[in-house]
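Below you'll find the structure, written out as structure tokens, and then a few comments.
The values are calculated or read from the model by the stated rules, or taken from the named source; none is laboratory data. Keep in mind that this is a model prediction, so the values were computed, not measured. Glycine also receives a Cβ, built like all others from the backbone with ideal geometry; neighbour counts cover every protein chain displayed.
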Amino acid sequence: MGRVLVVGSLNMDLVVEVDEMPKIGQTIKGKSLEYIPGGKGANQAYAAAKLGAGVFMIGAVGNDANSSVLLRNLESAGVDTTGISIADRETTGIAFVLVNKQGDNQIIIISGANSKVLPGMIDEKSYLVENCDIVLMQLEIPLETVIYTADLAKKHNKVVILNPAPAQDSLPGKLLENVDILTPNETELEMLTGDKISGLDLGPGPGLNLEGVVLSARKLIRQGVKNVIVTLGKHGAVLVTEDGFVHKKSYDVGTVVDTTAAGDCFSAALAVACLKNQPLEQSMEFANMAASISVTRKGAQPSLPSLAEVEEALAALK
Ligand code: RIB
């Protein structure tokens, strides 16, 4: 199989389990506190490696105790971490994650060393861009770096997958035209396009406005993205291209306990399936299954499934 280069963030997640999310001004009791390896970039790197790809990562951590835990965890999955720098004067990224009893989350990130992943770092490690097949990115590092890396990757004819998370108001055309596959969730799509999609039931199931999703995703296609795959949680995902759309349902493989990193898992699994030259529709099924398994487990990286687990679960459907 080929190689994925992940350019992105690493965070130590401080995960607090709660019954309900606190309201403004409210003090509530948490049920537990755990330190769990996370960060959208690191989660994607970890997931892709567990799914069998060769994975390199470019990113940055601080010179503190959290950094070694994060690096060791990535290495345990087989990720090559030689592209991850130590930013001496910064702390390792931190994410405060609240998870309620429905498995939904609210996250606050403190960027720390992730803010030091600048274009110069990509230049120093440009051999990693040259030697990979797919570049996979998210938006927890400076946007200028994402723009720069996508441009460099396209100069070397690499496939660029961008997971536009956390949500942004808009993304520049010079980035979007270098993106082969964009993987927003519904909220990210709404923010990127300014459209209101959720809450309107216009489609194959309650709570799904498929027509709105497709029309909205087409706006991004018109700005230069080749394929938009919108992740829809329990409704699966929809692939939107210039010519049409394909909706693939998610799988019910157990009780949802924690949705943290489900989107990261989807994007990474999609990259792995693309490495195998699978058509995008089939890649979405693989990614939907990987993400469906991840939400049945707690935490970011500990929830991410192996290739065998995903293949067995898909085989069990036949
Ligand atoms: O996507 C989930 C991730 O978002 C968490 O692991 C947290 O670190 C934040 O980056």
Checked G52, G30 against criteria (assigned to a loop (DSSP other than H, G, I, E, B), in contact with a helix residue (DSSP H, G or I) (Cβ under 9 Å, 6 or more places away or on another chain), more than 16 Å from the ligand (Cβ to nearest atom) and modelled with pLDDT of 95 or more); the one match is G52
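Looking at the structure I just gave you, is V240 more than 12 Å from the chain's Cα centre (by Cα), touching a residue at least 60 places away in the same chain (Cβ under 8 Å) and either away from the ligand (no atom under 16 Å from the Cβ) or farther than 20 Å from G41 by Cα (or both)? Working first, answer last.
Numbers: more than 12 Å from the chain's Cα centre (by Cα): yes; touching a residue at least 60 places away in the same chain (Cβ under 8 Å): no; either away from the ligand (no atom under 16 Å from the Cβ) or farther than 20 Å from G41 by Cα (or both): yes.
No; evaluated as a whole, the condition is false for this residue.
Evaluate the following for G59: is it closer than 21 Å to T149 by Cα, within 14 Å of the ligand (Cβ to nearest atom) and not basic (K, R)? Don't jump to the end; show me each part of the working.
Values: closer than 21 Å to T149 by Cα: yes; within 14 Å of the ligand (Cβ to nearest atom): yes; not basic (K, R): yes.
Yes; evaluated as a whole, the condition is true for this residue.
Please go through region 59-74 and give me each residue that is of a type in the set (A, V, I, L, M, F, W, C) and not in a helix (DSSP H, G or I), ordered by number. Full working, then the answer.
Taking region 59-74 first, the residues of a type in the set (A, V, I, L, M, F, W, C) are 60-61, 65, 69-71, 74.
Within region 59-74, A60, V61 meet the criteria.
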Which condition number does I108 fail, the rest of (1) in contact with a strand residue (DSSP E or B) (Cβ under 8 Å, 6 or more places away or on another chain); (2) exposed (fewer than 14 other Cβ atoms within 10 Å of the Cβ); (3) under 21 Å from L182 (Cβ atoms) being met?
(3)
Looking at region 135-159 only, could you name the residues that are within 20 Å of C265 (Cβ to Cβ) and surrounded by fewer than 24 Cβ atoms within 10 Å (Cβ to Cβ)?
L139, V159
Among the residues of region 309-318, write down those that are surrounded by 16 or more Cβ atoms within 10 Å (Cβ to Cβ) and of a type in the set (D, E, K, R).
E309
Go through (1) buried (at least 17 other Cβ atoms within 10 Å of the Cβ); (2) under 17 Å from the mean Cα position of the chain (by Cα); (3) of a type in the set (G, A, S) and name the single condition S306 misses.
(1)
So, in region 85-105, how many residues would count as being surrounded by fewer than 19 Cβ atoms within 10 Å (Cβ to Cβ) and farther than 20 Å from V69 by Cα?
5
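Please find, within region 5-27, the residue that is nearest to the ligand (Cβ to nearest atom) out of those that are surrounded by 11 or more Cβ atoms within 10 Å (Cβ to Cβ) and in a loop (DSSP other than H, G, I, E, B). Full working, then the answer.
Of the residues in region 5-27, the ones surrounded by 11 or more Cβ atoms within 10 Å (Cβ to Cβ) are 5-22.
Now narrow it down to the ones that are in a loop (DSSP other than H, G, I, E, B): 8-10, 18-22.
Details: G8: 9, S9: 6, L10: 8, V18: 16, D19: 21, E20: 20, M21: 16, P22: 19 Å.
Step by step, filter region 5-27, then rank; the result is S9.
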I'd like the full set of residues that are of a type in the set (D, E, K, R) and touching a residue at least 40 places away in the same chain (Cβ under 8 Å), limited to region 254-312.
D258, D264, K276, E281, R297, K298
